[in-house]
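Colleague: Can you read through this structure? Questions will come right after.
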Amino acid sequence: MVDFAGSSCDTERYVVVIGGMNMDICGRPTAAIVDRDSNPGKVSLSVGGVGQNMAQSLAHLGVPTYLVTVYGNDANGRVMERTCRENGIDLEYAQCLDDFRSSTYMFITDETGDMLLAVNDMDICEQITPAFLKTRLDFINGASICLLDANLAPETMKWIGDNVTAPLFGDTVSTVKADHFLPILNKMSVLKPNAIEAAKLSGIDIHDKASAEEGAAWLMDKGVKTVYISLGIEGILCASRTSGVEEMVHVPPYPTIIATANGAGDTGMAAITWSYFDDPNRPIQEVGHIAQAASSIALECTRAVPDIDVQKIRNKMSAPLSVA
């Protein structure tokens, strides 16, 4: 059983999340989808975005969390402000912009909840520039962890790598955006891609555990200290290289009845970040168990961000793991 240090409510320590916040619009049909036709189903709106999703889960896990982002001075932006306040996310270092519409992410799933198609309108994220972050640098550098999502532009990523001294954690978000991390791989303490994102970064065809280990080794060769590669139903590969000692371990998933796959990776990344905030010396295998438990909780929830807390992670981890 993993030991939980229980130190997450120390208000003198905090995590800064730099990334996107969206209004999510989800359409889920009630039967097998018919292409190029109107499909009966349910449409829902919720505040999301990888940065916001991770910040929300971190706050629910008891971590003092600041989201450094931008959003529009519009109806969606006001909903975003209220939702962050209700979920304990501090927006003191975010900015509401008058001349931009809030970021919006629209996606369609199949009848099982697995995503089929998404369209993102996230131009506002381009306003998270080096100049924007420079005025917040002292606060960012005071964080225990600075967590990044790949919605940040490559030049902003490079500036962060050159100027932020807090440990850098990152979620690669998508194959389109994963390479935004390329300029700062050698500055990353922790990186969590999925298999196809790790393949995009490394150029290695990742299709099984052995090739995932090759991909993780490539990322560590580039300077990433610890890598967690999500392998879906195959679990998660945990890899680290410190002081010349390399460790790789595979953790299978927990049995899960999937309601929707949207947001599960964000919850897993938040749990990894919480784990290091709670106990920076926790073995990577135990971190993998925590990430898998959190992702399972998210997969069983119809919302992108589940009502997660430390006790729910404990409860999930008491269940047997799936057979690898």
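The values are calculated or read from the model by the stated rules, or taken from the named source; none is laboratory data. Bear in mind that the values here come from a model prediction, so they are computed numbers and not experimental data. Heads up, the Cβs are rebuilt from the backbone with ideal geometry, glycines too, and the neighbour counts pull from every protein chain shown.
Colleague: Among the listed residues E214, E155, E197, which satisfies the condition of being of a type in the set (D, E), within 29 Å of M106 (Cα to Cα) and surrounded by fewer than 18 Cβ atoms within 10 Å (Cβ to Cβ)?
Modeller: Numbers: E214 fails: within 29 Å of M106 (Cα to Cα); E197 fails: surrounded by fewer than 18 Cβ atoms within 10 Å (Cβ to Cβ).
Step by step, each of E214, E155, E197 is checked, and only E155 is of a type in the set (D, E), within 29 Å of M106 (Cα to Cα) and surrounded by fewer than 18 Cβ atoms within 10 Å (Cβ to Cβ).
Colleague: Determine the pairs where a residue that is over 24 Å from A143 (Cβ atoms), located within region 1-28, has a partner that is of a type in the set (V, I, T) and modelled with pLDDT of 60 or more with Cβ atoms under 6 Å apart, the partner being 6 or more residues away or on another chain.
Modeller: Final answer for the pair search is M23/T104; G27/V43; G27/I108; R28/T109.
Colleague: Then there is this: State all residues of region 271-308 that are within 19 Å of V47 (Cβ to Cβ) and either in contact with a strand residue (DSSP E or B) (Cβ under 8 Å, 6 or more places away or on another chain) or not hydrophobic (A, V, I, L, M, F, W, C) (or both); if no residue qualifies, say none.
Modeller: Residues satisfying the conditions are T302, R303, A304, V305, P306, D307.
Colleague: Are any residues in region 271-324 part of a loop (DSSP other than H, G, I, E, B), of a type in the set (S, T, Y) and in contact with a Lys or Arg (Cβ under 9 Å, 6 or more places away or on another chain), and if so, which ones?
Modeller: Correct list: T302 only.
Colleague: Within region 15-70, track down each residue that is of a type in the set (S, T, N, Q) and either on the phi > 0 side of the Ramachandran plot or touching a strand residue (DSSP E or B) at 6+ places or on another chain (Cβ under 8 Å) (or both).
Modeller: Across region 15-70, the qualifying residues are N22, T30, N39, S44, S46, Q52, Q56, T65, T69.
Colleague: Mind checking which residues of region 127-149 are in contact with a helix residue (DSSP H, G or I) (Cβ under 9 Å, 6 or more places away or on another chain), assigned to a loop (DSSP other than H, G, I, E, B), surrounded by 17 or more Cβ atoms within 10 Å (Cβ to Cβ) and not hydrophobic (A, V, I, L, M, F, W, C)?
Modeller: The answer is S144, and nothing else.
Colleague: Only one of L117, L182 is under 20 Å from the mean Cα position of the chain (by Cα) and assigned to a strand (DSSP E or B); which?
Modeller: On the way: L182 fails: assigned to a strand (DSSP E or B).
When all the criteria are applied, what remains is L117.
Colleague: Still on this structure: Spot the failing condition for I124; the list is (1) touching a helix residue (DSSP H, G or I) at 6+ places or on another chain (Cβ under 6 Å); (2) closer than 16 Å to G20 by Cα; (3) surrounded by 17 or more Cβ atoms within 10 Å (Cβ to Cβ), and only one is missed.
Modeller: Condition (1) is where I124 drops out.
Colleague: Is region 235-247 home to any residue that is surrounded by fewer than 20 Cβ atoms within 10 Å (Cβ to Cβ), out of contact with any Asp or Glu (no Cβ under 6 Å at 6 or more places or on another chain), without any contact (Cβ under 8 Å) to a residue 12 or more places away in the chain and acidic (D, E)?
Modeller: No, because not a single residue in region 235-247 is surrounded by fewer than 20 Cβ atoms within 10 Å (Cβ to Cβ), out of contact with any Asp or Glu (no Cβ under 6 Å at 6 or more places or on another chain), without any contact (Cβ under 8 Å) to a residue 12 or more places away in the chain and acidic (D, E).
Colleague: Going through region 211-245 one residue at a time, which ones are part of a helix (DSSP H, G or I), at pLDDT 95 or above and of a type outside the set (S, T, Y)?
Modeller: A212, E213, E214, G215, A216, A217, W218, L219, M220, D221, listed by residue number.
Colleague: Out of (1) of a type in the set (A, V, I, L, M); (2) modelled with pLDDT of 95 or more; (3) under 21 Å from V16 (Cβ atoms), what's the single condition that is false for M248?
Modeller: Condition not satisfied by M248: (3).
Colleague: Among the candidates S38, S57, S102, single out the residue that is under 17 Å from D266 (Cα atoms), out of contact with any His (no Cβ under 8 Å at 6 or more places or on another chain) and either free of Cβ contacts under 8 Å to residues at least 60 places away in the same chain or of a type in the set (S, T, Y) (or both).
Modeller: Among S38, S57, S102, only S57 is under 17 Å from D266 (Cα atoms), out of contact with any His (no Cβ under 8 Å at 6 or more places or on another chain) and either free of Cβ contacts under 8 Å to residues at least 60 places away in the same chain or of a type in the set (S, T, Y) (or both).
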